[in-house]
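Structure record follows, encoded as structure tokens.
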Amino acid sequence: MASAAPVQSKKLQILFIPFFATSHIGPHADFAVRLAAARPDAVEPTIAVTPANLPVARSALERHGPIGSSAVKIAAYPFPDVDGLPPGVENLSAAAGSGDAWRVDAAAIDEALTRPAQEALIRARSPDVVISDFHFFWNSTIAQELGVPCVTFSVVGSFSMLAMRHLSSGIVESSGSDGQDLEVTVPGFPGPGIRIPRTELPEFLRCQQKHDRSNPRLAASARVPSCFGLAVNTFLDLEQPYCEFFARQGYVRRAYFLGPLFLPLPQAGANTGESPPCIRWLGSMPSCSVLYVCFGTYASISRTQLQELALGLENSGKPFLWVLRADGWAPPEGWEARVKNKGMLVREWAPQTAILSHPAVGAFLTHCGWSSTLEAAAAGVPMLTWPLVFDQFIGERLVTDVLRIGERVWDGPRSTRYEEKETVPAEAVARAVAGFLEPGGTGEAARGRARELAVKARAAVVEGGSSYRDLRRLIDDLVEARAANGGAAATSYP
């Protein structure tokens, strides 16, 4: 009688390598926890970060409770030596206040600087799977040399990612006599036509030369089709035409739409700790009355703009909770005393998902970072949009033009470049906030559509939902790839 083939019992070792930013490390941690919770018998995830980012990774994992702290490991590898960057500054958020964020970003996407340490890490740990941030395109080459699959993970949604891909392959200009006023049209895009002023494009698209692939971000986009697959923190009901377009056009070999990855796991249990002051304050406010204001962890806002924003919030007459990251800035004299009965200013970390899910929050004034957009949609909260950098102006159009769950604060000239930004006056802020939160105003219709999306977001991640199925399909595909590989030195995945 022939003996049965040996059963491979070793767990699938999955190595995550996120970009050097809190807004990337958090979603990677969420992804790792989801994998560990879905198949604790089959997968063992590890997140690799540089030493100064270890507390960021730990905090992101601990928010998921015991499973985050115990089921996902953390590994460290050295941050590259960068001229002019102080030791220990290894995160875009930490560097924003000092003006060194551009140095962190430039180092991260410089293959000559960042690849050696990541390659040494991958080869030393010899994982079964590498899940790499979109920016680190070289990791797919390293993984292929080792004969293991590399999955590219995007913390940006399908809409923005697809728009940037199409814009990088062929920009169509609209009419306009002043170069600063020229708009571009996203070519070959599904759904409503998307037109964007050139000043609102990410820098790598504003500066690109035709057919130039020397830019690291263009090189990253070009490398994705050769990866094992692409995973995106989104869900089908939020971006279905754009998700489907990836597979239909053959832009990726396999696509997995897994979000919202931050939603709490069913087995995580309720948080029994004391609520922070901002949550207790929200508990004293009427339903859907409060504007939540937050611009993320990275982009800087001028002190002049902060002054105008503060006055605009005050003059809107609406309650607000403003989570602010701006060291050294002080509100206008007497402002805090004047708004103490209707406004709260928070300078430390605040639990954004808990804030957005609170019944008192009626709208979110946001920079349109993808994590914030996804969190608002999953909470059923409409958005007032104020994009600042990179893909945020593109993502805004998904919110305002496609999903119609928000509207712009300001229709004046805008730019992704700090030095080109025009100050939005307090009067415009007050007018936008008051109109959006007014009973029967434009915010109410947007809130109704947002709440429909919130139901779909939760349905996506529970058993049988689209994201639930894609997560398990990803695990099955990776287990199958390891079995098919059989220890070969190199494999090209069809």
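No lab work stands behind these numbers, since they all come straight from the coordinates. Remember, predicted model here, so these are calculated numbers, not experimental data. Ideal geometry is used to build each Cβ from the backbone, glycine not excepted, and the neighbour counts take in all protein chains shown.
Remarks
- All lysines inside 27 Å of K421 as judged from Cα atoms, apart from same-chain residues fewer than 8 positions distant: K210, K318
- The longest part of the chain holding none of the exposed loop GluC sites (Glu not before Pro), meaning those outside H, G, I, E and B in DSSP with at most 14 other Cβ atoms within 10 Å, is 1-273.
- For S275 and D411, a Förster radius of 41 Å and the Cβ-Cβ distance give a FRET efficiency of 0.60, rounded to the nearest 0.05.
- Degrees between helix 370-379 axis and first principal axis of the chain (Cα, 0 to 90, nearest 10): 70
- The residue among V104, V43, A247 whose Cα reaches farthest toward the positive pole of the charge dipole of the chain, with charges on the beta-carbon of Lys, Arg, Asp and Glu, is V43.
- Computed about its Cα centre, the charge dipole of region 273-456 is approximately 340 debye, with only Lys, Arg, Asp and Glu carrying charge at their Cβ.
- When the helices of the chain are scored as -39500 (n - 2.57) per DSSP H run of n ≥ 4 and the total is divided over every residue, the value at 222 nm lands at -12000 deg cm²/dmol.
- Region 66-138: chymotrypsin sites (Phe, Trp or Tyr not before Pro) in DSSP loop, at most 15 other beta carbons within 10 Å: none
- A straight chain from S59 to K421 at 0.36 nm per residue would run longer than the Cα-Cα distance by 127.0 nm.
- Hits among aspartates and glutamates - C-alpha to C-alpha of K456 under 14 Å, sequence gap 8 or more where chains match: D237, E239, E375
- Structural descriptor for the chain: relative contact order 15 percent, calculated from alpha carbon pairs under 8 angstrom and at least 6 residues apart.
- Nearest-ten-degree value, helix 303-316 long axis tilted from longest Cα axis of the chain: 60
- Taking label positions 7 Å along the Cα-Cβ direction at both R123 and R458, the computed distance is 5.0 nm, reported to one decimal.
- Rounded FRET efficiency, nearest 0.05, which uses the C-beta distance separating A326 from R449 and R0 of 41 Å: 0.80
- Calculated FRET efficiency for the pair N341/A112, C-beta based, R₀ 51 Å, to 0.05: 0.35
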